[in-house]
Structures are given as structure tokens and as C-alpha cells.
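The values are calculated or read from the model by the stated rules, or taken from the named source; none is laboratory data. Keep in mind that what you see is a predicted model, and the values were worked out from it rather than measured. Every residue, glycine among them, receives a Cβ derived from its backbone with ideal geometry; neighbour counts consider all protein chains shown. These area figures cover heavy atoms from the full protein model, side chains too; ligands, DNA and RNA do not enter into them. Shrake-Rupley method; radii C 1.70, N 1.55, O 1.52, S 1.80 Å.
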Amino acid sequence: MSNFVAAAKEQLAALITSAYESAVAEGLLAEGAKAPEIEASRDPSFGDWSSGFALASAKALGKSPRDIAALLIDRVELTGTFFSELTMAGPGFLNARLSDLWFYELLNAIEDEGDGYGSVDVGQGRSVMVEFVSANPTGPMTIGNARGGVLGDTLAEVLHRAGYKVWREFYCNDTGNQVDLLGRSLEARYLQKCGVEVPFPEDGYHGDDIAARADEFIAEQGDALVHASEEQRRQTLIDFALPKNIEKMRADLARYRIRYDRFFYETELHKSGYVDETLDKLTAAGHTYEQDGAVWFKATAFGAEKDDVLRKSNGFLTYYAVDIAYHRDKFEKRGFDMVIDVLGADHHGHTLRFASSMAALGIDPTRLRFVLMQLVRLTREGEVVRVSKRTGKAITLSDLLDEIPVDAARFFFNARAHDSHLEFDMDLAVRQDSENPVYYVQYAHARISSLLNTLADEGHAPPPAAEIDVSLLTDESERALLRALAAYPEEIRLSAVNFDPSRINRYCVELAGHFHRFYHAQRIRGAESGVLEARLKLALTTCDVLKNALGVLGIDAPEKM
RNA sequence: GCGCCUGUAGCUCAGUCGGAUAGAGCAACUGCCUUCUAAGCAGUAGGUCGAGCGUUCGAGUCGCCCCAGGCGUGCCA
């Protein structure tokens, strides 16, 4: 588990610190400087890594930044380190250039770690549940679910690579208000199709899928339900449609390469009595009260703006009450160290109240984390398309996957950080040309694969890293590619700690770009002995890391295009 | 009204902890395949980082205040 970016940073910081301490011991600088900060150089002509240490500490040390930098450079010994050069530039920046030793050890480490390259250990084996999509089984999934699906799935994968034990869960609301509404909508369509004139529920689901389910039922079981009791009719229709809807969701998600460790059904919580038990616990702890015939949770006692209803005056539980029990189950029963809920931004009002309810149950609310996903704006022919599940005008995940390849869809929906709005241009997505950057990345992989095959046919196999002379890889395109390869573990780490797997998309594009530039700048085939092997190894290593990173995204790495 | 998110090139978006000349893709324009895949590469052009004030050696980044857009603010989920 190596992180050469971090290793280089730490070493450079240590070199500067020790030079600073020498200067202090010699009485040339005052004490009290802050630890040096190291960052990647913006421009390769400055070197690979730089530090603004001299600028940041100039005030405390009472000397000019350039004087400080000069003193430090005099006291740094670079022999045997990851750096070949340390210079001063501009107002007093310290610029360091990476040495062949660093590049050599990097290639060896990537080879040694194989598929495990990129893994880091921020999770330290702690368990985390990622709950995502959790769409209501009242109809097909939408474009919004398409984004949430990829976000949750790739976030889970990133956390896995970052050293967490990961569990993917889908919470299925298979009972309650929405299901009741589904029953009334189905009933109305059913009766209408059987020739009974009834009004459609005003707030019902207008989608074609409802009518289709009614048709299916009639085809299988006829119109006998017309004469059944209202309650029996609705329940029969729900029992008919709900499993089909759930199975459809599961199949669509699988087609989208998303598989869950568990579908958790809301009814399980009710059957086991866990919801009632949880409410009793809250009440026993004095966190509830009754008013207007309803039972309320004192969320304001935990910093919320207002209290929330747990049990409505009609006796039914709110979704909130059930969700509290569900989250208690995640922590208390199943013992997850951390739980991440991937939610649409339209649910952001819930975050505080969930945190307060966990606190009320004696569960550390910081163990519950939310990833709020800004909504998808769908455009078609330059116009914003309004989508609504209720009115049935949504474009479904199923429709989407009929039109565009899974690889492109997964890349597209993971292209933006979760807190950015994502614009989804239907006309663009349908086009399968190079405008989608996923092809740029896949092309790099295919190109390398082809190259390796061609050279293998000519008897050139990439040698072990230990035999490579990295001092032959001197071109800027080669150095840049090596640095990009080294950046991978740090990208995984940052994606994990920021809950932002879209970084990996951008990393893939960047790595592919570095390869394409190297490919044009340097020829492998026909290069002299030593150089050929070094470049071939560089190509193979790039191929492996690209495949690795695409694997995080759940995207294929094709050998031919 | 209050809360959360967003505002950077014609379009879609990056920009790490405040750092050097603000980047990428697409679109536009100009070049590059008798030689490892041209779904590629090189180059040109394109910017009041929404506006203003402040903090400091230094602000796209931090603070305040406006403006604009999205979402929320249910005994719906």
C-alpha cells in the first residue's frame, strides 16, 4: 500500500524541517516557524514539488523569504533522497525535482502491488454502509436515480479501496403511504379498463407503467376484482404489482452494473416490532410528547428548527418514525461504524433531523453521514425537460439504458461532484461519439493493448520493473506520465475522504491524456535497446493503472475499439 | 422571510490547505497518418472567476453584503 505522492511530500517536508532546525541551531533563524506545506508544482518548469515555507514563515522569522530559502537550500543534502534538485524561485518558493530513485521505486511498487495499487488505508478496516437509490417501488426509476446509483456505487468502491469494509444497501419502502397510493392508482386504472367509470386519484401515479400493470393483471386474472371489496381489490393489485416493480428495479440496476449486498424491506421493521420498540425507547428517554392527537419528536432539543411528527393523529406512523428505526437498526443491531446515506438534495431538510434522532437514541450522530446529490437537469434540444414521477413524464433508467451504453452512462453520471448540478443533455448522451470522454479513456487502454500485442509478436515483452533504467525516460511526456501514475493512490484517498468519486473520472481522463501525449512524443517500436524496454514497461504500467481506475468506476477497459 | 447548493472561456465543468502566468473537454480555426490504433496529437483564438467591500506579502479560494438560478422550509415520501 504505497503512496508515492505522500512519501515524496513527507520527505521533502522533513528535509526542509531539518534544514530549518540546523539553521536555528546555528543561530541564523529564529524558532517558531510552522511546519512546511508541500504542493504539486503548477508548472513543470518549476520542478515537481514546491513549498511556500519561506514565504509563510518570513514574518515569524524576521527575514526575507528569499534569504530564508537560500539558507535552507545550503543545508539540504539530497543524496539518496527522492529529489535530485532543490532550487529557489520567484519570491522565495522552494522547488524540488524528483529523482530517478523515486521513479524507479514507483515502477517497482506499482508492479508489486498489482491490482491492489491505489489502495490506501484511511478506513483502517472500519465498516461502512452506503445506502443509495432506495427508490420507491411505485414505478420505474428515473434519471435522478441513475445519478444516485452511480454515485453510491462508485463511492462504495472508492471507500473499499480506501480500506473500509463496505456494504451496499437499498432501502425499499414496500408499505406505507406511497404504496397505498399505488394501490388506489392501480385500482382506478383497473376499474376503468373493466368499463367502470371512476375518477383517477388526484394525487395518483399517472405513469403508463400503472396502466400496463393493470393490463397485465387483467390478462392473467380477468375482471373478477370489480366485485371484490375495495380493500381486497387494492391489496390484491398491490400484491400483484409490487413484486414485479421491485424485480424490475433490481434488474435495471443489475443492467447498470449495480449489485447490492441487501435489499432491506420496510415491512421487516414493522413485522419484528422494531419500529414500536424504537418509539418506546425515545418516549422512555423523554424525547417525545403528544399534541393535537399526534406524537412528536422533540427535535428542537437537539438544535433543529422545529419538532417532527412520529405518529400522525390518524394513528399511522410517518416515514420519519420508520426511518429512525431503520437507522437504529443499522447502528445498534448491525453495528456499522459509519453509515452514508446518498440522498437527493431535495431531501436535505432531513439531514439535521436524522442526526438529532440518532443523538436522542444515544448514537453518535457523526457516524451518520449524508451525501447530498444535486438534482439532474435534463435538457433536450436545448430545452429543460421537467420531470415528474407523479405525472409519469419522467425518462426512466430503463429508457436511458436502451439508448446509451452502460459505460457511457456510468461515466456521464459520475462526471460531476455530488454538490454540483449535473446537466444531462439527451441529444448528446444518445450520440456515441468521441464527445463523451469515456471513449477517450477507453481508447487509450485499447491503444496500449494493441501496442503490447504488436510488440509481443516481435518478441518484446515488458521486463520486470527491477530491470528498468528509468534514467532513460527523460522526456517531459514520460516524466509527466510517471507522475500521473504516482498520483493514483492520492486520488483514491481524496475521493474517499471527500466522498467524491467523480475525482476518479477526471483522473482517468488526465492519465489517458498523458499517455496519448507520450505516445505521440516517443516511439517505442524501433527504439534502441534499454529505451524500448523502459517505454514498453511504462506503457504496460499505464494500461494496468487505467484498467484499475476504470474498474473503480465500473467501466470496461476494452482491448480493441 | 429563513436554511442548503450553485455562479469561472460561446457550452459543460475542474481548480487540493490562500501561492507563481486561472485550466480541461466540447464547439471554432490551422496543421500532423507510406512508420506502434487519427475515437489521437500539436497549435491559434476565447476570461471583469456574478457585483461590491474587507482580511494580507498574496484571494477564483477566507469574511461581510448584494444580485441571479436550483432545492427545501408538510400530521407527503
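Taking A:Ala162 as the residue in question, decide whether it is over 30 Å from A:Phe240 (Cβ atoms) and either touching a residue at least 40 places away in the same chain (Cβ under 8 Å) or within 16 Å of RNA strand B (Cβ to nearest atom) (or both).
Yes: the conditions hold for A:Ala162.
Would you kindly identify the strands (runs of 3 or more DSSP E) lying entirely within the range A:49-143 that contain at least 3 residues that are touching a helix residue (DSSP H, G or I) at 6+ places or on another chain (Cβ under 7 Å)?
A:83-89, A:93-98, A:127-131
If A:Asp292 satisfies all but one of (1) away from RNA strand B (no atom under 16 Å from the Cβ); (2) modelled with pLDDT under 95, what's the number of the condition it fails?
(1)
If you check A:Ala487, A:Ala466, A:Ala456, which single one turns out to be open to solvent by 10 Å² or more (accessible area, probe 1.4 Å), in contact with an Asp or Glu (Cβ under 9 Å, 6 or more places away or on another chain) and more than 9 Å from RNA strand B (Cβ to nearest atom)?
On inspection, the qualifying residue turns out to be A:Ala466.
Six or more apart or on different chains, Cβ atoms under 7 Å: show the pairs whose first residue is in the range A:307-323 and under 14 Å from A:Gly349 (Cβ atoms) and among the charged types (D, E, K, R) and whose second is more than 6 Å from RNA strand B (Cβ to nearest atom) and open to solvent by 70 Å² or more (accessible area, probe 1.4 Å).
A:Asp307/A:Lys298
Could you tell me whether A:Leu494 is open to solvent by 10 Å² or more (accessible area, probe 1.4 Å), in contact (Cβ under 8 Å) with a residue 12 or more places away in the chain and within 26 Å of A:Thr154 (Cβ to Cβ)?
Taking the combined requirement at face value, the residue does not satisfy it.
Search the range A:93-114 for residues being modelled with pLDDT of 90 or more and among the polar types (S, T, N, Q), and hand back the single one that is farthest from RNA strand B (Cβ to nearest atom).
Filtering the range A:93-114 for residues that are modelled with pLDDT of 90 or more and among the polar types (S, T, N, Q), the one farthest from RNA strand B (Cβ to nearest atom) comes out as A:Asn108.
The rows are residues; the columns are (1) under 26 Å from A:Thr542 (Cβ atoms); (2) open to solvent by 10 Å² or more (accessible area, probe 1.4 Å); (3) not polar (S, T, N, Q).
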| site | (1), (2), (3) |
| --- | --- |
| A:Phe103 | yes, no, yes |
| A:Leu155 | yes, no, yes |
| A:Leu159 | yes, no, yes |
| A:Lys165 | no, yes, yes |
| A:Phe170 | no, no, yes |
| A:Arg184 | no, yes, yes |
| A:Leu191 | no, yes, yes |
| A:Gly195 | no, yes, yes |
| A:Val198 | no, yes, yes |
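Give the residue, chosen from A:Arg147, A:Arg126, A:Arg75, A:Arg66, that is within 30 Å of A:Leu546 (Cβ to Cβ) and open to solvent by 10 Å² or more (accessible area, probe 1.4 Å).
Within the list A:Arg147, A:Arg126, A:Arg75, A:Arg66, the selection yields A:Arg126.
How about the range A:83-101: which of its residues are open to solvent by less than 30 Å² (accessible area, probe 1.4 Å) and under 19 Å from A:Leu473 (Cα atoms)?
A:Phe83, A:Ala96, A:Leu98, A:Ser99
Does any residue in the range A:181-195 that is polar (S, T, N, Q) come within less than 6 Å, Cβ to Cβ, of a residue that is surrounded by 15 or more Cβ atoms within 10 Å (Cβ to Cβ) six or more places away or on a different chain, and which pairs are these?
Here the result reads A:Ser185/A:Gly204; A:Ser185/A:Tyr205; A:Ser185/A:Ile210, each pair linking the range A:181-195 to a residue that is surrounded by 15 or more Cβ atoms within 10 Å (Cβ to Cβ).
Of the numbered conditions (1) open to solvent by 10 Å² or more (accessible area, probe 1.4 Å); (2) touching a Lys or Arg at 6+ places or on another chain (Cβ under 7 Å), A:Pro437 fails exactly one; give the number of that condition.
(2)
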